[in-house]
1. Looking at GLU42, is it acidic (Asp, Glu) and free of Cβ contacts under 8 Å to residues at least 12 places away in the same chain?
2. Which condition number does ALA44 fail, the rest of (1) over 17 Å from the mean Cα position of the chain (by Cα); (2) closer than 30 Å to THR2 by Cα; (3) surrounded by fewer than 14 Cβ atoms within 10 Å (Cβ to Cβ) being met?
3. Evaluate segment 42-50: report whether one residue or more is over 27 Å from ALA10 (Cβ atoms), part of a helix (DSSP H, G or I) and hydroxyl-bearing (Ser, Thr, Tyr).
4. What are the residues in segment 18-27 that are surrounded by fewer than 14 Cβ atoms within 10 Å (Cβ to Cβ) and more than 13 Å from ILE52 (Cα to Cα), if any?
5. Please tell me if ARG28 is of a type in the set (Lys, Arg) and either under 30 Å from ALA11 (Cα atoms) or not in a helix (DSSP H, G or I) (or both).
6. Condition check: under 30 Å from PHE74 (Cα atoms), touching a residue at least 24 places away in the same chain (Cβ under 8 Å) and touching an Asp or Glu at 6+ places or on another chain (Cβ under 8 Å). Does ILE26 satisfy that?
Amino acid sequence: MTPDVLRNIAAGLTIAIGGMMPALAIGRFASEAMRSLGRNPESAGPIASNLIVAIAFAEAIAIYALVVALAIKFV
């Protein structure tokens with residue numbers, strides 16, 4: 001295989017895995033937040049704020065994967 005083909009495969013795998021794992025993590029975060037809200041509805045404020053921070057960190061990982069994939073592809 002040529003280096004261009006390998007570079008495209010590496011970039012594709014990087015963004016595929018780097019996008020899939022944070023998406024699964026965000027789904028799990030939301031699921032657990034809804035479960036804890038069902039058990040204790042009075043704690044909606046702290047749960048929501050912590051959920052937003054956790055989702056932001058997971059999305060940051062996906063953005064890092066995008067940056068790495070673009071670096072693999074074009075650099």
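1. Spelling it out, GLU42 is indeed acidic (Asp, Glu) and free of Cβ contacts under 8 Å to residues at least 12 places away in the same chain.
2. (2)
3. Yes, segment 42-50 has at least one match.
4. In the first step, residues of segment 18-27 are kept if they are surrounded by fewer than 14 Cβ atoms within 10 Å (Cβ to Cβ); the result is 20, 23-24, 27.
Across segment 18-27, the qualifying residues are MET20, ALA23, LEU24.
5. Values: of a type in the set (Lys, Arg): yes; either under 30 Å from ALA11 (Cα atoms) or not in a helix (DSSP H, G or I) (or both): yes.
Taking the combined requirement at face value, the residue satisfies it.
6. yes
So that you can scan it fast, the table gives a plain yes or no per residue for (1) under 16 Å from the mean Cα position of the chain (by Cα); (2) surrounded by fewer than 13 Cβ atoms within 10 Å (Cβ to Cβ):
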residue	(1), (2)
LEU13	yes, yes
ALA16	yes, yes
ARG35	no, yes
ALA58	yes, no
LEU66	yes, no
ALA69	yes, no
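Taken together, the values in this text are just the output of simple stated rules run on the coordinates, not laboratory data. The shown structure was predicted, so the numbers you read here are calculated from the model rather than taken from an experiment. Here the Cβ is made from the backbone with ideal geometry for all residues, glycine too, and neighbour counts use every protein chain on show.
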